[in-house]
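A.B. asks: Before anything else, here's the structure in question.
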């Protein structure tokens, strides 16, 4: 027997279902996340957290909604459409509303997440001109440690802090004040990564990358290279120490005096 073609009414119902499902997912993913946990990250640690944490939470909400719908669609036929007798089940050649639904809904979800990601990425990577930056630090990645040059401390050799795998360097930052970073590498590709601040950017040989953010809470936070760069990659560590602006100025004065 030839399969029955879906009627226009069934087609409209399928489109309505696709639209409602997509709206439900987007509504849940774009709702206020102020009361949600950080899902692995803390709120307010840096200006990057303030920008990307909502996107991080929304992505998990969307994934949870999609996973729940998928689980229901798997369990529903397994429970309610089990074989009950020897009668041969009805055969359907295709179902246009279903095919339209599982094409449109993922496309809308991916498009919305892409739009929010592009928006937040442009905010995070936006930097002020060097001449207008309040603070400027050059980060040079080397096998297998880091060099931090504080431009605010002048051109003195003491303004450059060089670490080793045995003695990782400390990156001192002023609380609540934006710092402009210039990233490069001496040898191979490295990754400048501060997990708690939700920030990572590649340090490339022969290329300058720029990053700007503020650290908003006092304390010490681990940093590391997150790109496999050689034998001692796992020892390529540093510590971010956030101090008050007055303490940061005292630190700069110490470097200048040295």
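A.B. asks: Over region 192-258, what per residue volume does the convex hull of the Cα atoms give, in whole Å³?
C.D. replies: That works out to 134 Å³ per residue.
A.B. asks: Follow-up question, since we're still on this one. If you average the sequence gap of Cα pairs under 8 Å that are 6 or more apart and divide by the length of region 120-242, what percent do you get for the contact order?
C.D. replies: 29 percent
A.B. asks: Using C-alpha positions alone, give me the convex hull volume of region 130-257 per residue in cubic angstrom.
C.D. replies: 100 Å³
A.B. asks: Given the peptides 171-183, 241-253, arrange them by the average over their residues of other C-beta atoms within 10 Å, most packed first.
C.D. replies: Put in order of decreasing packing, that is 171-183, 241-253.
A.B. asks: Taking the highest mean first, how do the peptides 149-157, 191-199 order by number of other beta carbon atoms within 10 angstrom per residue?
C.D. replies: On the way: 149-157: 14.9, 191-199: 20.6.
Answer by packing, highest mean first, reads 191-199, 149-157.
A.B. asks: Between region 140-175 and region 106-120, how far is it from one alpha carbon centroid to the other, in angstrom?
C.D. replies: About 38 Å separates the Cα centre of region 140-175 from the one of region 106-120.
None of the figures in this text is laboratory data; all of them are computed from the coordinates on show. Just so you know, these numbers come straight off a predicted model, no measurement behind them. As a convention, Cβ positions derive from the backbone with ideal geometry for all residues, glycine included, and neighbour counts pool all protein chains shown.
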